[in-house]
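> Below you'll find the structure I mean.
The values are calculated or read from the model by the stated rules, or taken from the named source; none is laboratory data. Only a predicted model underlies this, so the values are computations on that prediction, with no experimental measurement involved. Please note: Cβ atoms are built from the backbone with ideal geometry, for glycine as well, and neighbour counts cover all protein chains shown.
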Amino acid sequence: MPFDTREFVAEVAARSALKRLRGPKSFGVFLENLTPLDPQHFVDVLAERREGKPLRVAVLGTSARVRGARNLTVTTSPTETNVWRNDATTRGGVPTAVLVVGPAPKVSSLRSTLPLVTQADLRSEIADRAIALLESPERTAFWRAHEEMPGEVPLQQLAQFAAEATSVAARSRATLMDLEWKLVYNLGLVPQKTLLAASGPRGAVKAIRQNRVFVNRLRTLSSRDRSHLLRVLEDDQSGDAKKTAASAILRFEKRRSIDDLKGLDTELVRTLLRGDSDAAPPKAGGDQPQMSKRERLDGDALALDLLLSESRGVKVAAKRYADAIDPTGEDSSGPEAITVDRREILPRPKVGTSQATALFGRLI
């Protein structure tokens, strides 16, 4: 079934407002500076979940007509909303929900009087709803991590991801298990199967941030990365999947649109960037694993590659790399090649920088 992010946010906002309206002494709630939502759906959800209990709703900052319901009175007038604050109906116990969706006058007194529903409240409600779709420790850690990362994951992206996950879950839980990892492009991440399988909150945060480092690499491709991608596009023997992925990566670097991350897979992307998507098979009769072609790499690029592939030898590689670019002996003829996971790497020092104090340096 199709999903509507504006309706999803409206429902989440309505549920958050209703939590603040619980209890006989609740006199109102104020919602402002939220991500775009559907005001009419917000009112409809309030009417349904109030179950006949009276409520007054002010939708301010819009010229659109918003319908009320049998138990709900609706206004779009800031003046009328301020009159409601102290009239007989309010004193009689009927609360008011104020939703500000655009620039509106006369809201300062309302903002200072009524309890606030914030973006943090919506993030918590979104995480609760997403976790309830299919409860597991790994999914819980993943969603809670995003709830608590407002500086890295905007509310709009979190809502869009949750809305699409909810739509997929409506088919079946099995469908959600199969497809949810592919939907993380909504969060600005490259789809990765292990993202929703991390153990514990710290593991989830680590996996998410490693993926973001990888995304940053795609935003500013090196000339070597770009050359490998163009080679895939020009090679008649490259499969359609590889060509589609290579085109999407190049578009993402140019447009920075998260929609270009849709359909990618970290394993395939790493393969394309390494340039070994069409590596030759081992020679017949060869029992030993073949050494890959010598690569010239910056330390940061190698560190990122090893971290994302969860290589066990990353710390040893860090020490070898540091020794190679800064030898203690008197021979200063240049860095020697090192072997990392059956790959022969020729270290490429960065002029004027201390690359060993960046990604790799933290592991030494």
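> Working carefully through the options A88, A169, A159, A97, find the one that is among the small types (G, A, S) and in contact with a Lys or Arg (Cβ under 8 Å, 6 or more places away or on another chain).
Being among the small types (G, A, S) and in contact with a Lys or Arg (Cβ under 8 Å, 6 or more places away or on another chain) holds for just one of A88, A169, A159, A97, which is A97.
> Provide a single number: the residues in the stretch 21-42 that are out of contact with any helix residue (DSSP H, G or I) (no Cβ under 8 Å at 6 or more places or on another chain) and under 16 Å from V117 (Cα atoms).
Final tally of qualifying residues: 2.
> Still on this model: Among residues belonging to the stretch 79-95 that are surrounded by fewer than 13 Cβ atoms within 10 Å (Cβ to Cβ) and among the polar types (S, T, N, Q), point out the one that is farthest from the chain's Cα centre (by Cα).
N86
> Against the definition (surrounded by 15 or more Cβ atoms within 10 Å (Cβ to Cβ), in a helix (DSSP H, G or I), within 21 Å of the chain's Cα centre (by Cα) and at pLDDT 95 or above), how does A162 come out, yes or no?
Yes.
> Starting from the stretch 175-190, keep only residues that are under 20 Å from L272 (Cα atoms) and at pLDDT 95 or above, then list their pairs with residues that are among the acidic types (D, E) and assigned to a helix (DSSP H, G or I) whose Cβ atoms are within a distance under 6 Å, requiring at least 6 positions of separation or different chains.
That search, which allows pairs on different chains as well, returns nothing.
> Please find, within the stretch 22-41, the residue that is modelled with the highest pLDDT out of those that are within 20 Å of W84 (Cα to Cα) and either of a type in the set (D, E, K, R) or out of contact with any strand residue (DSSP E or B) (no Cβ under 6 Å at 6 or more places or on another chain) (or both).
E32
> Go through (1) free of Cβ contacts under 8 Å to residues at least 40 places away in the same chain; (2) in a loop (DSSP other than H, G, I, E, B); (3) of a type outside the set (A, V, I, L, M); (4) crowded, with 16+ Cβ neighbours inside 10 Å one by one and return the number of the condition T35 breaks.
Answer for T35: the failing condition is (1).
> Another question about this same structure. Please state which of the following conditions V98 fails to meet, knowing it meets all the rest: (1) in a helix (DSSP H, G or I); (2) surrounded by 13 or more Cβ atoms within 10 Å (Cβ to Cβ); (3) not acidic (D, E).
Status for V98: all satisfied but (1).
> Which residues, taken from the stretch 237-259, are hydroxyl-bearing (S, T, Y) and more than 20 Å from V215 (Cβ to Cβ)?
If the condition is that a residue be hydroxyl-bearing (S, T, Y) and more than 20 Å from V215 (Cβ to Cβ), then S238 is the only one that fits.
> If you don't mind, another one. Listed residues A204, A170; which is surrounded by 20 or more Cβ atoms within 10 Å (Cβ to Cβ), closer than 22 Å to D128 by Cα and in contact (Cβ under 8 Å) with a residue 40 or more places away in the chain?
A204
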